[in-house]
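Comments concern the structure below.
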């Protein structure tokens, strides 16, 4: 029933190249290691072509944009030729994977060119060759550049234009290769979760289902079932549309047959569709007895892949992740082991499958999405406490073979140092995260890093590279890379040899610069130091939360290095005594994910060693965060901040990880939190909700908060800080600082919520009346629709009556022809008379037929117009909703701008008053200065007079001395 095959991975190798590369690597790292196992570096396995001049891509995109603009304005033969030439140049340019991964939406020419794409594809004047080149170009870009693919699928709404090309290909019968090119592009674009399902979705789903159940099987069927798998995985609405299709029963039976298919993409797509659509078959395939074979089948598809059809590994990796990891129903945002994966460690093939999956990181190009999905899967496994150690040990124990001399951990280390560009920055971050897990598993047991084939010098260089990243708040990847670099440094600092090298790389001066940079630039410091009512400006989510992680990781690193360096010890205590660390702890505790909260409490345990640490400020900030609406900076919704307005609109239809199998989202805590948030913060009316139900929801929320408090207290008891001699001392130091404030906060919040519930009860009563009015309005609308349906039935009946009359006319015509033949046999004169009568009847019959055709055409036009008006009504309804949402957003922006303007005007008035006061003081100082100058002149004149008197006295004194000497001489002579 399942595809169960042996996994055979082969890789080409050159013995001479391996020996030469190993010798060079040993010489380079002779100071840090004694043996190197890797056969060749990643940079050699994926050698890039010589880079093109920097101005060549700009010229290509400029030419293509200009040609597309001319073609849109005038689709003449000359403009078509220019556009084809420009498309050929772009296809040659994106043939290199490295060039595609370096493309960015920051390039204005590329973005403008993509905006012309739907217009050109939808144009009836676009020929087949031009469209084929567009298919190739868009597929090459979307397959390897995920940000641009997300832009094309979401904001650009390219799926609708491509589907119109698919209908044109079917109508004009352009052949199987053209069909495959279009379906391949649809498969890549539909893989994104932000695809808006518009009026074309029903027709596309119907076509795909018909192709899946078609006999004999068409060669493009794998692409059709893969597109259905993408749509069902992304949207509940797509699942509903599949289920209400007329061919769903036959399609469901076909899915069971396709589990035995030879194509792996068909097998794994069928498994996913069964999980989303058919409950009976899902319970059978994913039950305890059969899930063992399901895991084996999915792991085989992942490790073997499918060379004939793309994105097989991506779908298999997503399926494995949903089978093993799900979201906790008690505490939202925390990964937990799914019910289908509770026995995964007992499967004998699990460890071997993990090793085979890890070996893919050696053979796959790290720039591809397949490699990124492998990292996502392994990181998801490592996020679970039950699987982290077995998975890490399995990867570490992978030994080199004759055909594959490079081990997975060596390939991961090489990927950490890649510098391909912005689009590959995420793969580097994922590799650093996974490497930190692996090295922590290696070093922690014995406080020493064993021989794993990775030189210590290479790890130190990697840490230095991460810490040397430019401090640019606009590039979140660089900030996150700095955070992960500090985490990696903390992990390897437990090894003695690495620690001695880290003391130079992570110098105390560098740690001081990083801390000062965050304390002075991170907006969370100024945000939390303001009163709660003045926190109006939203914070940048990625910059804030990653910056908090930098401080937390820096504190952990200094806690290890302080015992081995006096300067690091001084910096460690200086960091703990700095009160600017309090906003980081408060924000991490209030809005962080599980890992951030845990690290924040651990950092607080270090801060508690400082006798004068102001714990009351921390508790006040945490309480102020809880009393205000949480800003959009939680680490759990960073990815959702990047989605467009359309993706937010479709968010209610999205299917979360793990929910397709055995979870009930209605009873989850996330649903409860969303309900209470909409009631308390957004003022959402509850319509017909009962007061007892609202009270029950709040009581359940309080119970969850109490359970959460007990869990946090238990975590605090388990994480005793360094320097506290007993667990009791640590509990007392934490309890006095946070417990009372937290309980007081809960009482205040409950009393506030109770008063809000009383107000909402009155609002619910008024809304019931409004609901009754709307129900009456809807009833009148339904009656009008029934009247229109009755009129449509009358038109159809008239058409049927006319068709019957036409049949009667045709019957009469045949009878007249028989009579004419009889009259011709009787006499020629009678025949001529009859012929004239028949001609008259034929003329009348032709007129009746013409009238009938005109009436039928009018009926068809009326029906088509009615359908078009219905579609236009739905589209206009969606546009109205979008305009309302945009209007509300603009109104909020205008209000915010008014507030900012009023604040600026107040500041201006204050500055003007200060300026007037300063001018008055300046004049006063000038008058005082003039008085001082006059005093100085008088003093100077007095000094001159005294100098003259002194000179006169000196002369008189000299005369007296002479007189005295004369008198003395006179006396002596006597």
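Just so you know, all these numbers are worked out from the coordinates, no wet-lab data involved. Note that the coordinates shown come from a computational prediction; the quantities given were computed from them, not determined experimentally. Cβ sites come from the backbone with ideal geometry, for glycine too, and all protein chains shown count toward neighbours.
When Rg and the Kirkwood Rh are both derived from Cα coordinates, the Rg/Rh ratio for the range 49-170 amounts to 0.94. Across the range 499-591, the volume of the C-alpha convex hull divided among the residues equals 91 Å³ per residue. Sorting the segments 220-227, 840-847 by their mean number of nearby beta carbons within 10 angstrom, highest to lowest, gives 220-227, 840-847. For the range 827-973, a/c is not less than 1.5, where a ≥ b ≥ c are the root eigenvalues of the C-alpha gyration tensor, and a/b tops b/c. That puts it in the prolate class.
Packing around the peptides 611-619, 575-583, 84-92, 964-972, taken as the average count of other Cβ atoms within 10 Å per residue, puts them in this order, highest first: 575-583, 84-92, 611-619, 964-972.
Gyration tensor analysis over the Cα atoms of the range 455-632 returns equivalent ellipsoid semi-axes of 28, 18, 13 Å (largest first, whole Å). With kT/(6 pi eta Rh) evaluated at 25 °C and eta = 0.890 mPa s, and Rh the Kirkwood radius from Cα pairs, the range 150-268 diffuses with a coefficient of 168 µm²/s according to Stokes-Einstein. Each semi-axis of the equivalent ellipsoid for the range 288-372 is √(5λ) with λ an eigenvalue of the Cα gyration tensor; in descending order they amount to 24, 16, 12 Å.
Counted over all Cα-Cα pairs of the range 916-974, pairs farther apart than 19 Å make up 63 percent. Rounded, prolate or oblate for the range 240-291? Axes are the square roots of the Cα gyration tensor eigenvalues, ordered a ≥ b ≥ c, and the cut-off for rounded is a/c under 1.5. It comes out oblate by the Cα gyration axes.
Multiplying the residue separation of residue 170 and residue 339 by 0.36 nm and subtracting their alpha-carbon distance yields 56.4 nm. Note on the range 100-209: percent of Cα-Cα distances in each 10 Å bin, starting at 0 and stopping at the bin with the largest distance, equals 14, 51, 31, 5. Between residue 909 and residue 950, the simple label model (points 7 Å from Cα in the Cβ direction) yields a spacing of 6.1 nm. Sequence-distant contacts, meaning Cα pairs under 8 Å at least 6 residues apart, place the relative contact order of the range 455-632 at 23 percent.
From the Cα gyration tensor of the range 277-334, with a ≥ b ≥ c the square roots of its eigenvalues, which class applies: rounded if a/c is under 1.5, or else prolate if a/b is larger than b/c, or else oblate? Oblate shape, in that a/c is at least 1.5 and b/c is the bigger or equal ratio. As a rough footprinting exposure proxy, the listed residues 370, 812 were ranked by other beta carbons within 10 Å of their own, and the order from fewest upward is 812, 370. In plain terms, the chain from residue 821 to residue 215 could stretch by 212.9 nm, reckoned as 0.36 nm per residue minus the Cα-Cα distance. Each residue, residue 970 and residue 509, gets one label point 7 Å from its Cα in the Cβ direction; the gap between the two is 8.6 nm. Our summary of shape: the Cα atoms of the range 428-500 have principal axis extents of 40, 22, 18 Å, ordered from largest down, in whole angstrom. Ordering 258-269, 595-606 by mean Cβ neighbour count within 10 Å, with the highest value first, yields 258-269, 595-606.
Fewest to most neighbouring Cβ within 10 Å: what's the order for 368, 303? Ascending number of Cβ neighbours within 10 Å: 368, 303. Counting every Cα pair in the range 261-412, what percent are over 28 Å apart? Here the long-distance tail beyond 28 Å is 18 percent of all Cα pairs in the range 261-412.
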